[in-house]
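Following: one structure in structure tokens, then a few remarks.
The values are calculated or read from the model by the stated rules, or taken from the named source; none is laboratory data. Computed from a predicted structure; not experimentally measured. So basically every Cβ, Gly included, is an ideal-geometry build from the backbone, and we count neighbours across all protein chains shown. Note: accessible area is taken over every heavy atom of the protein model, side chains too, but ligands, DNA and RNA are not part of it. Shrake-Rupley method; radii C 1.70, N 1.55, O 1.52, S 1.80 Å.
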Amino acid sequence: MLGEKITARAHTNIALVKYWGKENEQLIIPANSSLSLTLDEFYTDTSVIFDESLDSDVVTLNDNAVNDEKITKFMDIIRKNAKINTFARIRSINHVPTSAGLASSASAYAALAAAGSKAAGLNLNERDLSRLARRGSGSATRSIFGGFAAWNKGNDDESSYGYSIQNPVKMDINMIAIILDNQPKKISSRKGMKISIETSPYYESWIKQTTEDFQTIKDAIKENDFTNLGKTAELNAMRMHSLTLSSDPSYLYINSDSLEVINMVKELRENGVECYYTMDAGPNVKIICQSDNINAITDKLSDKFTNDQIKVSGPGEGIKYL
Ligand code: DP6
């Protein structure tokens, strides 16, 4: 029913097999399938209510007004599907510890897709919700689902959707996020992946390799093989970052602090503490580990970083209405 306020919660996710490049920019059809772990510590709560008295969408994020054309365009997709013209009040709260720098478009668009579509009177199943979330931001496709989730590349709006790989997660797996920078990205993922796909001479090899990595990680999940999952996720992340280095112009998300964390992970591993690193379109590093090793890793990190910079998270749930 139009006029009812709907609130949805979506958790962020970190890709173990990265999405990096679009085949179709307008529909956000990716160049490869990707696979992620949804995290319980970081999430977004979004309320939507359609209101006949408005002459534009009114949006707040953490109670500050935002004016973002991307959000209006996204709401236009919902309006078109629901065959309505009414604008909405949208209130979004990011439950990412302040200064975390992990505020992600994944949880934001997953929560907005769920709350917005339901408030507009649409009753979408999870697959259709993931297709809608995809139109806001690619990584949001996977945040509809809890635990291990994937985004099937597909080749059109219908066939490019998210699905659950395993939820609840059987593997003992955690991520430790190390917050090195909470400033907005200098080169957004949207811009970065466009430069990579258009100019990196290694892009074709990336597609071939990442397709293999997807299968390896999927098998590792099935076989509860943490070592193979961690090793492959780390390699896949560095393969993605090598595309940024080989682009024209070349750019880099890894900074000297990121390198320091990477070296710590290698040293921990040499000393028998099994852990792996992954990075996205920014300098923050996420360490993949099992419960027994969390203390050894955070102890080591605290030599150099403050407690506020170190966030431990386990697997999180899929979309839910509050
Ligand atoms: C490195 O989903 O933020 O985190 O679709 O343009 O909004 P748009 O990009 P976005 O890109 C995420 C890139 C990544 C890898 C991943 O999450 O798969």
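A quick yes/no check of all residues on (1) surrounded by 13 or more Cβ atoms within 10 Å (Cβ to Cβ); (2) under 17 Å from A111 (Cβ atoms); (3) touching a Cys at 6+ places or on another chain (Cβ under 8 Å):
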site: L61; (1), (2), (3): yes, yes, no
site: D68; (1), (2), (3): no, yes, no
site: F74; (1), (2), (3): yes, yes, no
site: I78; (1), (2), (3): yes, yes, no
site: N81; (1), (2), (3): yes, no, no
site: S92; (1), (2), (3): yes, yes, no
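Is it the case, given these coordinates, that T278 is of a type outside the set (D, E) and surrounded by fewer than 16 Cβ atoms within 10 Å (Cβ to Cβ)?
no
Applying the selection to the range 287-299, what residues are open to solvent by 50 Å² or more (accessible area, probe 1.4 Å) and either assigned to a helix (DSSP H, G or I) or at pLDDT below 95 (or both)?
Scanning the range 287-299 gives S291, D292, N295, D299.
So if I check each of V59, V17, V66, which one is touching a strand residue (DSSP E or B) at 6+ places or on another chain (Cβ under 7 Å) and free of Cβ contacts under 8 Å to residues at least 24 places away in the same chain?
Working: V59 fails: free of Cβ contacts under 8 Å to residues at least 24 places away in the same chain; V17 fails: free of Cβ contacts under 8 Å to residues at least 24 places away in the same chain.
Going through V59, V17, V66 in turn, just one is touching a strand residue (DSSP E or B) at 6+ places or on another chain (Cβ under 7 Å) and free of Cβ contacts under 8 Å to residues at least 24 places away in the same chain: V66.
Would you pick out the residues in the range 304-320 that are open to solvent by 80 Å² or more (accessible area, probe 1.4 Å) and either under 23 Å from Q166 (Cβ atoms) or hydrophobic (A, V, I, L, M, F, W, C) (or both)?
E317
Of (1) surrounded by fewer than 19 Cβ atoms within 10 Å (Cβ to Cβ); (2) in the same structural domain as A15 (by TED's automatic domain parsing), I195 satisfies all except one. Which?
(2)
When the residues of the range 73-104 are narrowed to those that are among the hydroxyl-bearing types (S, T, Y) and at pLDDT below 90, which ends up nearest to T7 (Cα to Cα)?
S104
Across the range 134-148, what is the total count of residues that are closer than 16 Å to T44 by Cβ and more than 10 Å from the ligand (Cβ to nearest atom)?
Here the count works out to 3.
Give the residue, chosen from D40, D55, that is assigned to a strand (DSSP E or B) and surrounded by fewer than 19 Cβ atoms within 10 Å (Cβ to Cβ).
After ruling out the rest, the residue left standing is D40.
Which is assigned to a strand (DSSP E or B), within 16 Å of the ligand (Cβ to nearest atom) and not β-branched (V, I, T), of N13, N32?
N13
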